[in-house]
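Visitor: A single structure is presented below for examination.
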Amino acid sequence: MIGEMMAILNSWIENFGLLSEAWRVGIVVFALVFGTATVAYVFSHIIVALERKCASTSNLWDDTALHAARKPVVAFVWLQGVYWAAEVAHRYSSAEIFKVNDTVLQVGFIFIFVWALLRTIKEGESILVSPVKMKKPMDYTTINAISKLSRAVVIITAVLISLQSLGYSISGVLAFGGVGGIAVGFAAKDLLANFFGGFIIHLDRPFKVGDWVRSPDRNIEGTVEHIGWRLTTIRTFDKRPLYVPNATFTVIAVENPSRMTNRRIYETIGIRYADVSQMETIVSDIRSMLEKHEDIDSKQTLIVNFLAFSQSSLDIMVYAFTKTTQWVRFHEVKQDVLLKISEVIVGHGGEVAFPTQTIHISDDGRPSEQESDRDSKARDGGRNGRKQIAYADEGGNDNERSRRRDTKAGDVGEQSLDTGDGD
């Protein structure tokens, strides 16, 4: 068909003798370019009209196909029209540039076809991950990885076909790539490590875009913004971007708090020693309050027990899990739980303890031996080796001395006061 049209144009140019041959060729070329522009304009508006009509249907893929094909179709019309104009000019011109018309047409067609495929892949990706267009949108990270891989395959295939169209041997190119790949692999081993690290991330999926991640091995914590083939972009909580090479994630431990099922409340609350008689009731009421709390997950481990005799308090352990995993909401729930625990303690006449120390004074104004010894052991945590001081009883004479001061060294049965209690 193209040959017949070219023959008709050539016969018209040769037989129409009103103008010179150069003018006749120029007019035909101009007419072809103008006609190409007109056809491209018409095709563009036809596809836009079809897009509007298909937008009212429930099928999303016809919209995608039309939107992806609109610009490539217009480009194809221009490519074909310019090719015809160049062919006409080539019959009446010996310029070297017109000798590559067929090659340009082939490579241009490959380019337009690849362009249409890439647009289709991109449009399909946006549909599959959109919560508006899909009832159950697919994971963005997975779809993005498949999209990148598909685009890479299309581009590599197009390059190889283009090289074949240009007269290069694909087998020679592949052989060169195999030999050169070894050298490139040694020179760019870090780049390849990051590439395969990104592949492992897409394969194992320890995290995805939007997840909160952190590493106990490195100073890495924030929200994942983008997972590339070389770098992963993480937005830290102070809003700074952190660019982490993908190879790093193959050698460090990564924690993904975004996938937690609950958040934990773990507190130790102390009450006074004076409230020991109310301990069992307080513990029971706190446990009952947590079991009935609407924001506490009763299916998870829930522990409320008297934990230990501390130095200045009786400690109660509170261990529970909230239903929410949101950071802000969790702290609101925790505040409410702590306030209700305080109400339970006060409701039983108790008080939340704080560090205190009690000193008993004897009649002579000095700490008694018993109380001094007890306070000394409490301060030292029960450690042996603390010196003990014995004071004279009230009414004794000044000539009496403590046992340490009037006992001679080496007396039988006497232990050194500096070496503990003789254990």
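Read-outs: derived from the displayed coordinates by stated rules, not from any lab. Since we're looking at a predicted model, the values are computed, not measured. In this analysis, Cβ positions are derived from the backbone assuming ideal geometry, glycine residues included, and neighbour counts consider all displayed protein chains.
Visitor: Among V213, P257, G228, whose Cα sits farthest toward the positive end of the charge dipole of the stretch 205-258 (+1 at Cβ of Lys/Arg, -1 at Cβ of Asp/Glu, about the Cα centre)?
Guide: Of V213, P257, G228, it is G228.
Visitor: Can I get the semi-axes of the stretch 262-347's equivalent ellipsoid? Compute them from the C-alpha gyration tensor as square roots of 5 times the eigenvalues, in angstrom, largest first.
Guide: Numbers: eigenvalues 110, 29, 26 Å².
After scaling each eigenvalue by five and taking roots: 23, 12, 11 Å.
Visitor: Counting other beta carbons within 10 Å of each Cβ, put Y41, Y83 in order, fewest first. Provide the component values of the computation, followed by the final result.
Guide: Working: Y41 12, Y83 19.
Sorted ascending by nearby Cβ count, the order is Y41, Y83.
Visitor: Could I ask something else about it? Go ahead and collect, in residue order, the members of the stretch 139-163 whose backbone nitrogen is under 14 Å from a label point 7 Å along the Cα-Cβ direction of F111.
Guide: 159, 162-163
Visitor: Quick check on the exposure proxy: order F354, F249, F113 from fewest to most C-beta atoms within 10 angstrom.
Guide: Fewest-to-most ranking of F354, F249, F113: F354, F113, F249.
Visitor: Which of L160, L32 comes first, and how do the rest follow, when ranked by fewest Cβ neighbours within 10 Å? Write down the numbers at each step before the final one.
Guide: Details: L160 15, L32 22.
Listed from fewest to most nearby Cβ atoms, that is L160, L32.
Visitor: Positive end of the charge dipole of the stretch 250-365 (Lys, Arg +1 and Asp, Glu -1 on Cβ, about the Cα centre): tell me which of P355, I271, A320 has its Cα farthest that way.
Guide: A320
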